[in-house]
Amino acid sequence: MTAAEVEGVEGYRVRARSWIRSNLEPADFTTLEAGLAGELSEAEELAAIDHERRLQRKLFDAGYAGISIDRDYGGQGLSPAHQRAFNEELTGFDYPARLQVPNFSPCAAVLLDFGTEDQKRTHIPAILKGEKLWMQLLSEPSGGSDVAAALTTAVRDGDEWILNGSKIWTTGAWWSDWGLCLARTNWDAPKHRGLTVFIFPLHRDGVDVHRIEMLNGSKEFCQEFLTDVRVPDSDRVGDVDQGWTVGTRWMFHERMLYNSPLITAPPTGRPTQGAVSPVGVARDIGVLDDPRVRDLIGEARMLEMVEGELQERIGTAVRSGRMSDQGAAIARLYHGVSAARARSINFEIAGATGAAWVDDDGSAAGRGIDFLMRQSPCIAGGTTEMARNVISERVLGMPRDRTTDRDLPFREVPRGPAAGADSRS
Amino acid sequence: MTSIFSTVVVTMLLEPTPDQEFLKETTAKFLTSQASVAEIRRLRDDPIGFDRDYWRRGADLGWTSLLVPEALGGGSVSGRGLIDLTLIAHEFGRHAAPGPLVPTNVVAAALAASAVGPSAPSVSTEHSDVIGALLSGRATASWCMEETGGFGRMTTEARRDGQEVVLSGTKRPAESAAQADFLLVTAKTGEGATQVLIPSGTPGVSVRPMQTVDLTRRFAVATFDEVRLPIAAVVGEVGSASEEVEHQLRVAQVILNAETVGAMERAFEMTVEWAFDRYSFGRPLASYQELKHRFADMKTWLESSHAIADASAEAVAAKAPDAGLLISVAKAFIGHYGGELIQDCVQIHGGIGLTFEHDLHLFLRRATLNSSLFGTPADHRQRISTITIAEECAG
Ligand SMILES: Cc1cc2nc3c(=O)[nH]c(=O)nc-3n(C[C@H](O)[C@H](O)[C@H](O)COP(=O)(O)OP(=O)(O)OC[C@H]3O[C@@H](n4cnc5c(N)ncnc54)[C@H](O)[C@@H]3O)c2cc1C
């Protein structure tokens, strides 16, 4: 496409706005919230996913899927600025919220960075059409922060690899189609030099997906047991034993969160996001005039708006090379801390109704459960402690923590017992 | 071991134009030589708090002219003077520099706004001499706006009496009111606002110097006891200046925020360097995870403050519909986290961080002062809340 054929961002925005207004419903996050709160039956949850798949297809058919993805892979070949304009116009409208993270970023992002031409031509269009949903298989029962210490093992057998091991804490794996998986291919090399990335469908022999109940009753968490899973070498992403090169970018995409140019979602900092509004909580229990409550409402809005501006700043700085990729950890840390604070604020405003409620308490009902789940945004997607390590060591250049495992053959690295179910049982 | 910090720092305004870069650099150089920490300490007991010649030379660098249109002798470098001014203010913060940057700019902008018609720029001569004096740095101004009794409270009154205007009330803290050549007093007239420009020494005006946390900024209680001035002293119209006053407030807040971000940045850099150089238990402080994690938090507050300072400055410069919300968000966030960040810098310095000899307090002083002027973080959270509730209850 020549420069002249690329539509200007503002013209595009106007066109997107009118399409969105006449084709998408107003946003309604009740099923999303109910799903996260563990209040939906399996059938309701699947119906919600199907609805989002159809929404994604609708975006694709109208030419609004993969806005900044190359046309060769089914995208629109436009710029991140076009995607941003579309996202801004999306504020207040229904969109496939569950299909963004990890499906588009990091999964599609990693495929675009490291996938073979064949892999990209096969998988990206299917993601863009909502036909295939992807999951990341990264964390293991033995640890999620130390990603490079993966125990799941792939052994070569001719043109195939045989995978064994277990992955855990994968949200929504039970309704997903494909997984992006980090596995160990060399136990004699130091941990970062013996990893390889593979892709495979989740619903097949040898892949056993178990749902795990979270403390709020949700069963979105899953654990996968891999038993002699055969993966063709053509489904390897990146070079053998070079999985950490892929993994580093993977982690970057994960930290970019909703700032990734592959994400279709209203920008952070707009009041109509899925989160429960503190104004609603205050109104529903009649404390809107309490100056202490107003202080909390002000704080919540402040944190949310600053997050939007921070993401924009970090995104721009990283894209232009003014800041290294590692800078994404700054936005990640902010997000975790402020999202956790938002839950505390809602709980505090709700007063005793936050701890004991009836259904007609409106927005105040259930805020105590959110509080119980408060740390989730500080853990999911790599913990805030990991983000702090990255910022201090990679952005500020402070000395790395002393570790004993960097140069040891991986099989000699000390290990503790694993969390979750025992994968070898 | 040295920090790689300087290679990764992202400056105020992510992508300044070459002209903006030049503006910033010349001020940075000038302040480095003319507003050294020794000079700031020397000014501690100086009743004026800055050197007149320093201020005139600063005016030549553009410190006072950016908010005034060319037709009146001012001019910006990028076409958006307020954004340009944030670059200067940022350097002021990085140096804890002396001089009445906020009041002089706010008053110059207010006079210019009243002198230039909204459509075709036509100079009304009433205040153009004063504008000229402020732009050249020959004179400085004070904006007498705040009062006690809570942010936004206004008891000072201006009433029209024939061809005169009569002012009564007390303003505090009024920056530079005892040093400035002109005072712009904001008062109420019925439900509306009136602004009056008063030359210093006008009968009925008394100015009592205050003590303050900053070493070089000066504040006073300015009392107006039935002060009579010709009607020409009114800036704009009697009783109809509310919108202008609100904009002036936002401009002042933009400048303060940019300055605080500069002070935060400097304190943070000093502390990063300290953490690399200071050893304890045989290794640098920068190697302890507890401290590394606090630096990560501080870096996050710093980048966030940059981000919201820039975004709110853009909104105020453009008089965007969400400017009021954004500027309160910025003032609340920077006011709060500016203090948190620099206090943690003090903590990580240990005992020396509490001494007069160390430079850290220069930046702590500036950030502390700025967080309280024109609305504390708590005041602005109330404002944000009011706007948020109105939005949600309407939509
Ligand atoms: C809602 C949710 C969704 C998730 N979705 C997925 C998913 O789709 N796919 C996937 O693979 N994983 C997923 N995860 C898992 C998540 O990535 C991990 O839980 C996380 O990386 C932490 O790993 P861990 O639970 O094993 O804790 P550990 O790594 O054992 O860490 C335990 C604690 O120790 C801290 N810690 C560990 N090492 C250090 C260190 N060096 N310095 C300082 N502190 C340290 C951690 O920060 C944490 O607080 C999800 C988690 C949540 C909560």
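The values are calculated or read from the model by the stated rules, or taken from the named source; none is laboratory data. What you are looking at is a predicted structure, and each value in this text was computed from that prediction instead of being measured. Note that we place each Cβ from the backbone using ideal geometry, even for glycine, and neighbour counts take in every protein chain shown.
Which residue pairs have Cβ atoms closer than 6 Å, lie 6 or more positions apart in sequence or on different chains, and pair a first residue in segment A:369-390 that is away from chain B (no Cβ under 14 Å) with a second residue that is within 9 Å of the ligand (Cβ to nearest atom) and at pLDDT below 95?
Note: pairs meeting the criteria are A:GLY381/A:GLU254.
Take B:TYR279 and decide whether it is over 20 Å from A:ILE330 (Cβ atoms) and within 16 Å of the ligand (Cβ to nearest atom).
Criteria not met by B:TYR279.
Give all pairs with beta carbons closer than 8 Å in which a residue from segment A:154-181 that is in the same structural domain as A:LEU215 (by TED's automatic domain parsing) meets a residue that is of a type in the set (Phe, Trp, Tyr) and not in a strand (DSSP E or B); count only pairs at least 6 apart in sequence or on separate chains.
Short answer, once both residue conditions are applied: A:LEU180/A:TRP250.
Being touching a helix residue (DSSP H, G or I) at 6+ places or on another chain (Cβ under 6 Å) and more than 16 Å from A:LEU133 (Cα to Cα) is the filter here, so list the residues in segment A:74-89 that pass it.
Matches in segment A:74-89: A:GLY77, A:ALA81, A:HIS82, A:ALA85, A:PHE86, A:GLU89.
Any idea which of A:PRO414, A:PRO409 is of a type outside the set (Asp, Glu) and away from the ligand (no atom under 16 Å from the Cβ)?
Selected residue: A:PRO409, the only one of A:PRO414, A:PRO409 that is of a type outside the set (Asp, Glu) and away from the ligand (no atom under 16 Å from the Cβ).
Confirm whether A:PHE371 is within 16 Å of the ligand (Cβ to nearest atom), of a type outside the set (A, V, I, L, M) and either surrounded by 20 or more Cβ atoms within 10 Å (Cβ to Cβ) or in the same structural domain as A:GLU307 (by TED's automatic domain parsing) (or both).
Yes: the conditions hold for A:PHE371.
Confirm whether A:ARG294 is in contact with a helix residue (DSSP H, G or I) (Cβ under 8 Å, 6 or more places away or on another chain), without any contact (Cβ under 8 Å) to a residue 24 or more places away in the chain and either at the interface with another protein chain (Cβ under 8 Å from one of its Cβ atoms) or in a helix (DSSP H, G or I) (or both).
yes
What strands (runs of 3 or more DSSP E) completely inside segment B:170-212 contain at least 3 residues that are under 18 Å from the mean Cα position of the chain (by Cα) and surrounded by 21 or more Cβ atoms within 10 Å (Cβ to Cβ)?
B:182-189
Would you check if B:ARG365 is within 14 Å of another protein chain (Cβ to nearest Cβ), buried (at least 20 other Cβ atoms within 10 Å of the Cβ) and in contact (Cβ under 8 Å) with a residue 12 or more places away in the chain?
no
Out of everything in segment A:207-222 that is more than 15 Å from A:LEU40 (Cβ to Cβ) and without any contact (Cβ under 8 Å) to a residue 40 or more places away in the chain, what residue ends up being farthest from the ligand (Cβ to nearest atom)?
The qualifying residue farthest from the ligand (Cβ to nearest atom) is A:ASP208.
Go through the residues of segment B:288-311 one by one and say whether even a single one is more than 7 Å from chain A (Cβ to nearest Cβ), buried (at least 21 other Cβ atoms within 10 Å of the Cβ) and over 24 Å from A:ASN389 (Cα atoms).
Yes: segment B:288-311 contains one or more residues that are more than 7 Å from chain A (Cβ to nearest Cβ), buried (at least 21 other Cβ atoms within 10 Å of the Cβ) and over 24 Å from A:ASN389 (Cα atoms).
Anything in segment A:208-226 that is part of a strand (DSSP E or B) and farther than 14 Å from A:THR153 by Cα? List them, or say none.
Result: A:ASP208, A:VAL209, A:HIS210, A:ARG211, A:ILE212, A:PHE221, A:CYS222, A:GLN223.
Please specify each residue of segment A:110-131 satisfying the condition of being in a loop (DSSP other than H, G, I, E, B), in contact with a helix residue (DSSP H, G or I) (Cβ under 7 Å, 6 or more places away or on another chain) and of a type in the set (S, T, N, Q).
Result: no residue meets the conditions.
Of everything in segment B:266-287, what is more than 13 Å from chain A (Cβ to nearest Cβ) and in a helix (DSSP H, G or I)? Give them in sequence order.
B:ARG266, B:ALA267, B:MET270
Considering only residues that are under 30 Å from A:VAL287 (Cα atoms) and within 11 Å of another protein chain (Cβ to nearest Cβ), which ones fall in segment A:310-353?
Hits for segment A:310-353 are A:TYR334, A:HIS335, A:GLY336, A:VAL337, A:SER338.
Output the helices (runs of 4 or more DSSP H) that fall wholly within segment B:313-395 and possess 1 or more residues being charged (D, E, K, R) and within 17 Å of B:ILE255 (Cα to Cα), or say none.
Because the criterion is at least 1 residues that are charged (D, E, K, R) and within 17 Å of B:ILE255 (Cα to Cα), the helices (runs of 4 or more DSSP H) in segment B:313-395 that meet it are B:323-349, B:360-372.
Which residue out of A:LEU137, A:LEU133 is crowded, with 21+ Cβ neighbours inside 10 Å, under 11 Å from A:TRP178 (Cβ atoms), more than 14 Å from chain B (Cβ to nearest Cβ) and more than 10 Å from the ligand (Cβ to nearest atom)?
A:LEU133
Would you be able to say whether some residue in segment A:147-169 is at pLDDT 95 or above, surrounded by 24 or more Cβ atoms within 10 Å (Cβ to Cβ) and within 19 Å of the chain's Cα centre (by Cα)?
Looking through segment A:147-169, at least one residue is at pLDDT 95 or above, surrounded by 24 or more Cβ atoms within 10 Å (Cβ to Cβ) and within 19 Å of the chain's Cα centre (by Cα).
Quick check on my filter: what residues within segment B:252-286 are among the hydrophobic types (A, V, I, L, M, F, W, C) and free of Cβ contacts under 8 Å to residues at least 40 places away in the same chain?
B:PHE281
Each row is one residue, and each column tells you yes or no for (1) under 22 Å from B:ALA113 (Cβ atoms); (2) at pLDDT below 95; (3) away from chain A (no Cβ under 14 Å).
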| site | (1), (2), (3) |
| --- | --- |
| B:SER3 | no, yes, no |
| B:VAL10 | no, yes, no |
| B:ALA35 | no, no, yes |
| B:GLU39 | no, no, yes |
| B:ARG42 | no, no, yes |
| B:ARG56 | no, no, yes |
| B:ILE83 | yes, no, yes |
| B:ALA97 | no, no, yes |
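When you look at B:ALA174, is it of a type in the set (Gly, Ala, Ser) and under 29 Å from B:LEU13 (Cβ atoms), yes or no?
No: the conditions fail for B:ALA174.
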